[in-house]
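The values are calculated or read from the model by the stated rules, or taken from the named source; none is laboratory data. Keep in mind the model is a prediction, meaning the values are calculated, not measured. Cβ: placed from backbone, ideal geometry, glycine included. Neighbour counts: every protein chain shown.
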Amino acid sequence: MAQFTALSPDVEVNGQTVLSIVAGMDTFREIALEILESKGISSPKENDWFLQQSWLDAFREIADNVGEYTLMEIGRQIPENADWPPQVNSIETALSSIDIAYHMNHRIKGRLMFDPQNGSMLEGIGHYAYKHDSERRITMICDNPYPSDFDKGIIESAANKFKTKGDRIRVTADTDSPSRKKGADSCTYIITW
């Protein structure tokens with residue numbers, strides 16, 4: 001699945017998630033709001049819902065005009081501003097919960113894409129696949145329409161938020177795997193500590 005292209009025109013993202021663009025652009029808050037408004041997202045609020053494609057269009061403009069580092073900063077804001085369930089208390093539990101959180105913040109035709117009551121998940125936005133390779137190594141495969149640098153920021157921030165004192169998190173792109181930056185459907189990241 002290509003970066004910046006929603007899989008369905010019916011997918012929406014919640015306002016709290018959209019506001020991560022504003023938080024990630026920090027001192028350039030007004031520019032962030034202008035970019036969002038130019039894509040049809042005016043005065044976003046936490047409980048609002050917006051078309052995913054509009055949000056992806058904002059990401060594309062940021063990538064083209066501001067830079068990839070800003071996309072990573074926006075991704076870093078997602079875990080920092082999210083509420084985490086009490087069972088998320090380690091790097092492993094944080095990274096393994098990203099896919100559920102991702103689906104909880106999107107809906108399609110008015111239905112949330114993850115139902116915490118029965119654990120059902122709707123398809124249509126891709127995934128964040130988690131694989132625990134060894135004691136201090138995890139592989140994450142991101143096959144969603146978001147920019148690769150945004151995904152790297154999410155992964156890095158979630159791991160850092162729940163690391164043990166003294167751990168040094170390292171998130172690197174797996175250069176032996178496909179990359180959305182090169183037109184592939186997914187990106188793979190290796191997390192070590």
*If you take the residues of segment 158-174 that are in contact with a strand residue (DSSP E or B) (Cβ under 8 Å, 6 or more places away or on another chain) and more than 26 Å from ALA6 (Cα to Cα), which of them is surrounded by the fewest Cβ atoms within 10 Å (Cβ to Cβ)?*
ARG170
*How many residues, within segment 122-139, are in contact (Cβ under 8 Å) with a residue 24 or more places away in the chain, within 12 Å of TYR102 (Cβ to Cβ) and over 12 Å from the mean Cα position of the chain (by Cα)?*
3
*Which residue pairs have Cβ atoms under 9 Å apart, sit 6 or more places apart or on different chains, and have a first residue in segment 166-181 that is of a type in the set (Gly, Ala, Ser) and a second that is outside any strand (DSSP E or B)?*
ALA173/SER148; ALA173/LYS152; ALA173/SER179; ALA173/LYS181; SER177/ALA184; SER177/SER186; SER179/SER148; SER179/SER186
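Mind checking which helices (runs of 4 or more DSSP H) fall wholly inside segment 1-74 and carry at least 3 residues that are closer than 27 Å to PHE114 by Cβ?
Values: elements: 15-24, 29-38, 52-65.
Passing ranges, in order: 15-24, 52-65.
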*Go through segment 9-30 and give me each residue that's out of contact with any strand residue (DSSP E or B) (no Cβ under 6 Å at 6 or more places or on another chain) and either without any contact (Cβ under 8 Å) to a residue 24 or more places away in the chain or surrounded by fewer than 16 Cβ atoms within 10 Å (Cβ to Cβ) (or both).*
PRO9, VAL22, ASP26, THR27, PHE28, ARG29, GLU30
_Exactly one of these conditions fails for SER177: (1) over 15 Å from ALA129 (Cα atoms); (2) exposed (fewer than 15 other Cβ atoms within 10 Å of the Cβ); (3) at pLDDT 95 or above. Give me its number._
(1)
*What are the residues in segment 106-158 that are in a strand (DSSP E or B) and touching a Cys at 6+ places or on another chain (Cβ under 6 Å), if any?*
TYR128, CYS142
_Can you tell me which residue is surrounded by the fewest Cβ atoms within 10 Å (Cβ to Cβ) among those in segment 69-118 that are acidic (Asp, Glu) and modelled with pLDDT under 90?_
ASP83
_Quick check on this structure: which one of ILE155, ILE138, ILE191 is over 16 Å from ARG76 (Cβ atoms), buried (at least 21 other Cβ atoms within 10 Å of the Cβ) and in contact with a strand residue (DSSP E or B) (Cβ under 7 Å, 6 or more places away or on another chain)?_
ILE138
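From the set of residues in segment 1-32 that are more than 25 Å from ASP143 (Cα to Cα) and under 19 Å from the mean Cα position of the chain (by Cα), which is modelled with the lowest pLDDT?
ASP26
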*Could you say which residue among GLU61, GLU46 is surrounded by fewer than 19 Cβ atoms within 10 Å (Cβ to Cβ), charged (D, E, K, R) and under 20 Å from ALA101 (Cβ atoms)?*
GLU46
*On the given criteria, is LEU56 at pLDDT below 95 and under 21 Å from LYS181 (Cβ atoms)?*
no
